[in-house]
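So the structure is just underneath, and the comments pick up after that.
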Amino acid sequence: MSLAPALHVVLYEGSGAEPLSADERFGALSTLLEQGYAISRTSVSTVEKPEQGALLVLGKFRATPPATDTGVRFHNLANLAPAQLADLVETARAEADAPRHGAWKPWFPVIDYDRCTNCMQCLSFCLFGVYGVDGEKRIQVQNNDNCKTNCPACSRVCPEAAIMFPKYKAGPINGDLVSDADLAKEKMKVDISALLGGDVYAMLRLRSEKAKSRFSKERDSDKALSERQKCLIKLAAAGDIPPEVLMSLPSPEEIVRRAAEAQAKAAAALAEQ
Amino acid sequence: MSQPLPSILYCHCQYAQVVPKEVKDAVLRRLCESGVAFEAVADLCEMSARRDPALARLASSGAVKIAACFPRAVKGLFHQSGADLPLDGAEVLNMRVQSAEEVGAALLDGVVRPNLPSKHTAPSVATPPSV
Ligand code: SF4
Ligand code: SF4
């Protein structure tokens, strides 16, 4: 995901521009929000250019606005249909070399530092390098885009219910307050050693070996693959880990290697606390 | 001297279906009808992941009222983007659970009722889990 500054849009209704009707405002804002933009709706007559990133000012200007002025783009909104508005903003985004929105579903863990005890269970659990530590050895989400979309697995291992996924369906993972009952729930306290060394991965390993031997006997790769899929889907049904996430797990050997690496990272961070 | 009006931030939660569409549309419409100045963002989660500097600007601009989702999540998203919301100057209205009327009225009443959770204020027993 690009960290380049995004294009910011201003819906301008200050001096030199006609005010919009409520319907026009709502229509323009809805179109732009659906395209992923952030918009300031203003009726003051000065527009502040952000320190970083490009700015597009839209309004029903009485006189023809300058196309650009010191890096700020202007465009007349009058008589634009929603599709034309969407095209116009997309062109301005591309010209400004600002990142495109919507290519990635923003799904990543958010840590509630009021609850987190810095125990490092999440770091040692995650196989995809999402977590790391800062200069003070404090747990941090470092690689948002490595997170597997719709998978809330690491929130299940946090003993403090400190890991949120704001777009998750239910509380407390979605950010709803944490009750004592939530903390007591068995699923909040998944035994990490079982997850890393035991049940799940051992089962995967076993299945994969069986599939491999069958593969060599039958030379039927489709069948071996469907075996593995069946096993993974069963695992997915047991928790709420989406099957496509389990399907994207690396090979059992690689899982063991990455788990050891993550555990070593967590142990080193804990040792320095 | 009277206090400046709090700024208003509206989140459209564009990349998930967790906020009911009718609620977010009704809140946005209410803002559009009111004629007030406000900031509208497509998806706070996405902005937080991108560490968008607009979040830091908002967090440091004084009192703010935010229509989005759970206050605990919004607080965490701002923090993770490198911008902490002011504990004594931010009110988060939750479009996942509150009605559009409630959120719209609170956004526009000009009074901030700070409600971000903190270590000291978070109740140990909260609302029953919605699972
Ligand atoms: S598992 Fe939970 S409490 Fe432990 S470091 Fe991770 S977020 Fe913090
Ligand atoms: S902050 Fe809440 S309302 Fe906004 S995009 Fe994220 S989950 Fe949706």
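Assorted remarks:
- Residue check, residue A:31 of a type in the set (S, T, N, Q), touching a residue at least 40 places away in the same chain (Cβ under 8 Å) and under 21 Å from residue B:35 (Cβ atoms): yes
- Some residue of the range B:25-34 being open to solvent by 40 Å² or more (accessible area, probe 1.4 Å), over 12 Å from the mean Cα position of the chain (by Cα) and at pLDDT below 95: no
- All conditions in (1) within 16 Å of ligand 1 (Cβ to nearest atom); (2) open to solvent by less than 20 Å² (accessible area, probe 1.4 Å) hold for residue B:79, with the sole exception of (2).
Residue by residue, here is whether (1) within 14 Å of residue B:10 (Cα to Cα); (2) at pLDDT 95 or above; (3) within 10 Å of chain A (Cβ to nearest Cβ) holds:
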residue	(1), (2), (3)
B:76	no, yes, yes
B:86	no, yes, no
B:90	yes, yes, no
B:96	yes, yes, yes
B:101	no, yes, no
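- Selection status of residue A:145, touching a residue at least 24 places away in the same chain (Cβ under 8 Å), more than 12 Å from chain B (Cβ to nearest Cβ) and surrounded by fewer than 15 Cβ atoms within 10 Å (Cβ to Cβ): no
- Within the range A:115-138, considering residues that are over 17 Å from the mean Cα position of the chain (by Cα), within 14 Å of ligand 1 (Cβ to nearest atom) and without any contact (Cβ under 8 Å) to a residue 40 or more places away in the chain, the one surrounded by the most Cβ atoms within 10 Å (Cβ to Cβ): A:138
- Some residue of the range B:25-38 being at the interface with chain A (Cβ under 7 Å from one of its Cβ atoms) and not hydrophobic (A, V, I, L, M, F, W, C): yes
- Selection within the range A:159-183 - more than 16 Å from ligand 2 (Cβ to nearest atom), of a type in the set (A, V, I, L, M, F, W, C) and in contact (Cβ under 8 Å) with a residue 40 or more places away in the chain: A:161, A:162, A:178
- Scanning the range A:96-111 for residues that are away from ligand 2 (no atom under 14 Å from the Cβ) and either under 10 Å from the mean Cα position of the chain (by Cα) or open to solvent by less than 20 Å² (accessible area, probe 1.4 Å) (or both) yields A:98, A:99, A:111.
- Candidates B:63, B:56, B:37, B:100: the one that is in contact (Cβ under 8 Å) with a residue 60 or more places away in the chain, within 24 Å of residue A:44 (Cα to Cα) and either of a type in the set (D, E, K, R) or open to solvent by 10 Å² or more (accessible area, probe 1.4 Å) (or both) is B:63.
- Note on the range A:48-165: enclosed strands (runs of 3 or more DSSP E) holding 2 or more residues that are hydrophobic (A, V, I, L, M, F, W, C) and not assigned by TED's automatic domain parsing to the domain that holds residue A:266 are A:55-61, A:72-76.
- Considered as a group, the residues in the range A:2-38 that are open to solvent by 30 Å² or more (accessible area, probe 1.4 Å), farther than 18 Å from residue B:49 by Cβ and hydroxyl-bearing (Ser, Thr, Tyr) include one that is farthest from the other protein chains (Cβ to nearest Cβ), and that residue is A:15.
The values are calculated or read from the model by the stated rules, or taken from the named source; none is laboratory data. None of these values were measured; they are calculated from a predicted model. Every residue, glycine as well, gets a Cβ built from its backbone with ideal geometry; the counts of neighbours run over all protein chains shown. Accessible surface areas use protein heavy atoms only, side chains included; no ligands, DNA or RNA. Shrake-Rupley method; radii C 1.70, N 1.55, O 1.52, S 1.80 Å.
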